Amino acid sequence: KDSFQFLFVITMIVGFIGLGTLLAGIIGISNIMVYIVKERTQEIGVRKAIGAKPRSIVTLIIQESIVITVISGLIGVALGVLTLKLIGNSLEEYFIKDPSVGWLLITAAFISLVMSGLLAGFVPAYRASKIKPIEALRAE
């Protein structure tokens, strides 16, 4: 019973840290997307001036956000798997017999990461879709 409670507390702490990291990642990607939209204001204005629909602008920005998230996620998964391989059985003295992560958990984490990228890109994408072509073309 005591080991179950200890494991539950450790799981809750790791989950809390994971959610905090995910939230920080969402904020970071959202900031990157705001910067990208600001840098590409003229391009967005030209696209709108030649007839691009707001939906296509939103789709473009969200796709970029998801690509950034997927690349970051792949790098993170690769580094995590590599770290676990390098650690190997050296944690047995701390009663950790098999430090591994299953493919189901990796897949679930990756899907939540992609959904977070979609969420992070939505606000900047929505703002980009509201840019007026004349004002965008005047911007430096």
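So here's what we get for this one:
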{"quantity": "Count of lysine pairs in the chain with Cα separation under 20 Å (8 or more residues apart, or interchain)", "calculated": "10"}
{"quantity": "Difference of contour (0.36 nm per residue) and Cα-Cα distance, ILE50 to THR107", "calculated": "16.5 nm"}
{"quantity": "Gyration tensor verdict on region 1-76 (Cα atoms; rounded if a/c is under 1.5, prolate if a/b is larger than b/c, oblate otherwise)", "calculated": "prolate"}
{"quantity": "Identified option (computed Rg and Dmax of the Cα atoms in Å; candidates [x] 15.1, 48; [y] 16.7, 51; [z] 20.8, 68)", "calculated": "[z]"}
{"quantity": "Max mean-square fluctuation residue, GNM over the chain, Cα-Cα springs under 10 Å, options ILE62, ILE75, ILE36", "calculated": "ILE75"}
{"quantity": "Rounded percent of accessible protein surface that carbon and sulfur make up, the chain, 1.4 Å probe", "calculated": "71 percent"}
{"quantity": "For the chain: accessible area per residue (Å², 1.4 Å)", "calculated": "74 Å²"}
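The values are calculated or read from the model by the stated rules, or taken from the named source; none is laboratory data. Just so it is clear, the structure is predicted and the values come from calculations on it, not from any experiment. Each accessible area value is taken on the protein alone, full model and side chains, heavy atoms only, with ligands, DNA and RNA left out. Shrake-Rupley method; radii C 1.70, N 1.55, O 1.52, S 1.80 Å.
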